[in-house]
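No lab work stands behind these numbers, since they all come straight from the coordinates. Everything quoted here is computed from the prediction, not taken from an experiment. Backbone-built Cβ (ideal geometry, glycine too); neighbour counts: all protein chains shown.
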Amino acid sequence: MRLPVYMDNHATTAVDPRVLEAMLPYFTEHYGNAASRNHVFGWRAEQAADAARAQVAQAIGASPAEIVFTSGATESDNLMLKGAAHYYRDKGDGIVTLTTEHKAVLDTVHALEGEGFRVTIVPVQSDGLVDLEQLAEAIDDRTIVVSVMWANNEIGTLQPMPEIGKLVKAKGALFAVDAAQAVGKVQVNVNEAQVDLLAISGHKIYGPKGVGALYVRRKPKVRLVPLQDGGGHEKGLRSGTIDVPGVVGLAPRVHSPRSSDPPRRRGSRRCVRFCMNASRPVSTASM
């Protein structure tokens with residue numbers, strides 16, 4: 001085993017060489033703007049973006065029209081929470097989330113709290129799971145959105161998403177999910193979990209940094225106020241030129257986990273054995 005050993009894959013991952021190979025032509029050959037619809041360079045870029053959108057949608061049980069490309073999960077979290085809070089403000093003022101959420105969610109809801117929104121942060125149990133009864137008590141008829149992380153980036157807790165989704169929908173609120181650590185690692189289906197908004201990141205799953213996606217439910221239609229203006233890209237929700245190489249690199253990594261990754265599993269087992277041996281007490285030491 002070569003040293004040093006990188007053990008921070010929840011922070012970021014190396015780009016899969018196959019992903020890099022797929023991306024490279026869109027830097028130097030098919031470099032058109034996907035919004036340029038009057039020449040072949042733009043058409044090829046748009047086709048690549050559409051294919052990537054379809055792949056991302058298929059991986060989470062959505063339709064391509066429900067996928068908005070972003071710069072990553074942090075932007076997606078901001079867009080889904082601020083966008084929903086601002087659009088539905090005349091219907092309520094409440095936002096509910098968990099104490100173990102990522103800073104991309106916690107800092108966002110605190111910013112909304114500064115705008116006058118009512119934020120409730122629910123604690124979790126010793127195992128990291130939320131008590132469903134306690135969560136239900138935190139949601140009232142003025143709650144706009146409930147945000148729960150699918151998979152925790154620090155302790156690995158997987159929340160019972162279908163049960164939470166059912167609870168949130170029964171209360172009449174939107175269900176928003178940070179799935180940066182879940183998509184591509186565990187089975188994610190937005191319909192089974194009754195999710196309305198879901199954030200995805202590329203660099204957590206061996207894709208490139210600086211690219212992600214946001215799922216926005218269409219039936220029933222969820223509306224958001226965009227964070228930025230300037231061109232009306234991504235159905236008006238995220239203006240700005242699509243990073244075509246980035247979305248091409250994101251798409252193949254969001255697939256549902258399959259049993260065809262033996263090299264990585266073998267590497268993980270070797271790493272675990274190495275760490276266990278390295279952590280054993282040393283009987284003698286010399287200075």
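Of all DSSP beta bridges located in the chain, what percent are antiparallel, nearest 5? Mind dumping the intermediate values first?
Details: 11 of 26 bridges.
Restricted to the chain, the bridges split so that about 40 percent are antiparallel.
Among Y31, Y215, which comes first, then next, by fewest other beta-carbon atoms within 10 Å?
Values: Y31 13, Y215 29.
Ranked by crowding around the Cβ, least crowded first: Y31, Y215.
Sort the following peptides by mean Cβ neighbour count (other Cβ atoms within 10 Å, averaged over residues), highest first: 244-251, 225-232. All intermediate terms of the calculation are to be shown ahead of the outcome.
Numbers: 244-251: 26.5, 225-232: 12.9.
Per-residue mean Cβ counts within 10 Å order the peptides as 244-251, 225-232.
If you add up the charges near A62, with Lys and Arg at +1 and Asp and Glu at -1, over every other residue whose beta carbon is less than 15 angstrom from its beta carbon, what do you get? Show your work: numbers first, answer last.
Details: positive: R53, R217, R218, K219, K221, K235; negative: D50, E66, E192, D196, E234.
After counting each charged neighbour, the total is +1.
Given springs between every Cα pair under 10 Å in a Gaussian network model of the chain, which of P25, P252, P162 has the largest fluctuation?
Fluctuation is largest for P25.
If amide H atoms are built 1.01 Å from N in the plane of the peptide, which residues on other chains or at least 5 residues away come under 5 Å of the amide H of L174?
Under 5 Å from the amide H of L174: V145, V146.
Around T70, which amide H atoms from residues at least 5 apart in sequence, or from another chain, sit under 5 Å from its own amide H, with H modelled in the peptide plane?
Result for T70 returns G212, A213, L214.
By the gyration tensor of its Cα atoms, with a ≥ b ≥ c the square roots of the eigenvalues, what is the shape of the chain: rounded for a/c under 1.5, prolate for a/b over b/c, or oblate? Please list the in-between numbers first.
Working: a/c = 2.03, a/b = 1.08, b/c = 1.87.
The shape class here is oblate.
Taking the Cβ of K171 as the center, what net charge do the other residues with Cβ under 9 Å away carry, scoring Lys and Arg +1 and Asp and Glu -1?
Working: positive: K169; negative: D140, D141.
My count for the surroundings of K171 gives -1.
Could you please rank S239, S71, placing first whichever residue has the fewest other Cβ atoms within 10 Å of its Cβ?
Working: S239 14, S71 17.
Starting with the residue having the fewest Cβ neighbours, the order is S239, S71.
Rounding to the nearest 20 debye, state how big the charge dipole of the chain is about its Cα centre with +1 on each Lys and Arg Cβ and -1 on each Asp and Glu Cβ. It would help to have the intermediate numbers written out before the result.
Numbers: 33 positive and 30 negative charges, 213 e Å.
Result for the chain is approximately 1020 debye, rounded to the nearest 20.
How would you order 43-50, 91-98 from highest to lowest mean count of nearby Cβ atoms within 10 Å?
Numbers: 43-50: 18.4, 91-98: 20.8.
The most tightly packed comes first, giving 91-98, 43-50.
Rounded to the nearest 500, what is the chain's calculated 222 nm mean residue ellipticity when only DSSP H runs of at least 4 contribute -39500 (n - 2.57) each, over all residues? Don't jump to the answer; show the numbers that get you there.
Working: 9 runs with 100 residues, N = 287.
It lands at -10500 deg cm²/dmol.
Answer with one residue from G212, H39, I121: the one whose Cα lies farthest towards the positive end of the charge dipole of the chain, charges on Cβ with Lys, Arg +1 and Asp, Glu -1.
H39
Sorted by packing (mean other beta-carbon atoms within 10 Å per residue), highest first, where do 196-202, 123-129, 139-145 land? Working shown, then result.
Numbers: 196-202: 29.4, 123-129: 11.7, 139-145: 18.3.
The peptides rank, most packed first, as 196-202, 139-145, 123-129.
Arrange L237, L106 by Cβ neighbour counts within 10 Å, fewest through most, would you?
On the way: L237 21, L106 18.
Ranked by crowding around the Cβ, least crowded first: L106, L237.
Grab the chain and count how many Lys pairs have their alpha-carbon atoms under 19 Å apart, sequence gap of 8 or more, or different chains.
Here the count comes out as 19.
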